[in-house]
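First comes the structure, then the notes that go with it.
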Amino acid sequence: MSPALPRIELDLPAEWVAEPGGDALFLAQHESAGAHGPRLTAYVHTSREVSTDHLVDALAAEATAHDGGEADPTFEVEIDERVWTGLNVSWFEDGQPVHVVHLVTAVDGGGVTQHVRLTGRVAGPDSERDYETVQQILESAVVTPAGGGG
């Protein structure tokens, strides 16, 4: 099965741009941030068997495989009346700390489950300020299934 993708809406600050993101649906980042600036990506994982917990566990394992990699306990957050499972992870890259937050929510895809994953990444000396910006963007997320239901 290959259901249509859900609609994902985010409120981006004026100086941020969204563009195709390689294997991601899109990549949003500050227009002058460069490769190491804060960024946000969106993915949709479609499966009959994979659960949100399985996906989050895989993301945690991926993070802890990095130099100094750590994964915090998962948490739940409600955004626009939708429950998301959150995971904060971190590691070191080129001597700099990298902080990543993943938010995952399940969407019924008619016979399959579509797991929408939003990932915010910050690194470098401005990471604390950048994390606040990424968090504000994530808190604006609205996901609408392809059929328009909840």
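The values are calculated or read from the model by the stated rules, or taken from the named source; none is laboratory data. What you see is a predicted model; the values in this text were computed from it and never measured. For neighbour counting, all protein chains shown are included, and Cβ atoms are generated from backbone atoms with ideal geometry for every residue, glycine included. Note: areas computed on protein heavy atoms with side chains; ligands, DNA, RNA excluded. Shrake-Rupley method; radii C 1.70, N 1.55, O 1.52, S 1.80 Å.
Ranked from the most accessible area to the least, with a 1.4 Å probe and all protein chains present, what is the order of VAL142, VAL116?
Working: VAL142 40, VAL116 0 Å².
My answer, sorted largest first, is VAL142, VAL116.
So, for the chain, what is the accessible surface per residue at a probe of 1.4 Å, expressed in square angstrom? Numbers along the way, then the final one.
Numbers: 8160 Å² over 150 residues.
Accessible area per residue: 54 Å².
What's the FRET efficiency of GLU62 with ARG129 using the Cβ-Cβ distance as r and R₀ = 30 Å, to the nearest 0.05?
Taking R0 as 30 Å, the efficiency between GLU62 and ARG129 is 0.70.
Of the accessible area of the chain, with the probe set at 1.4 angstrom, what percent is carbon plus sulfur?
46
List, in order, the whole-Hz ³J(HN,Hα) value for each residue of region 3-15 obtained from phi through the Karplus relation with A = 6.51, B = -1.76, C = 1.60 and θ = phi - 60°; use x for Gly and Pro.
Whole-Hz 3J(HN,Hα) from phi for region 3-15: x, 4, 6, x, 8, 10, 10, 9, 8, 9, x, 4, 8.
Please name which of GLN29, TRP16, PRO145 has its Cα lying farthest along the dipole of the chain towards the positive end, using unit charges on Cβ (Lys, Arg +1; Asp, Glu -1) and the Cα centre as origin.
Comparing the listed Cα positions along the dipole, PRO145 ranks first.
Whole-Hz Karplus ³J(HN,Hα) for region 127-142, in order, using 6.51 cos²θ - 1.76 cosθ + 1.60 and θ = phi - 60°, x for Gly and Pro?
Listing the rounded values in order: 4, 5, 5, 5, 4, 4, 5, 4, 4, 4, 5, 4, 5, 9, 5, 10 Hz.
Hey, what do the phi angles of region 96-109 turn into as Karplus ³J(HN,Hα) couplings, whole Hz, using 6.51/-1.76/1.60 and θ = phi - 60°, x for Gly and Pro?
These are the phi-based 3J(HN,Hα) values: 10, x, 10, 10, 10, 10, 10, 10, 10, 9, 8, 10, 5, x Hz.
How high is the relative contact order of the chain, given as a whole-number percent (alpha carbon pairs under 8 Å, six or more residues apart)? Write down the numbers at each step before the final one.
Details: 291 pairs, mean separation 42.9, N = 150.
Computed value for the chain: 29 percent relative contact order.
Mind checking the angle between helix 52-64 and the chain's longest principal axis? C-alpha axes, 0 to 90 degrees, to the nearest 10.
Roughly 20 degrees between the two axes.
For GLU139 and VAL112, compute 0.36 nm times the residue count separating them, minus their Cα-Cα distance, and round to one decimal in nm. Kindly include the intermediate steps, with their values, before the conclusion.
Numbers: separation 27, 0.36 × 27 = 9.72 nm, distance 2.60 nm.
Going from the current span to full extension adds 7.1 nm.
So for the chain, considering every pair of alpha-carbon atoms, how many percent are separated by more than 24 Å?
For the chain, the share of Cα pairs beyond 24 Å comes to 31 percent.
What distance in nm separates the two pseudo spin-label positions at GLU31 and ASP11, each 7 Å out from Cα along the beta-carbon direction?
2.0
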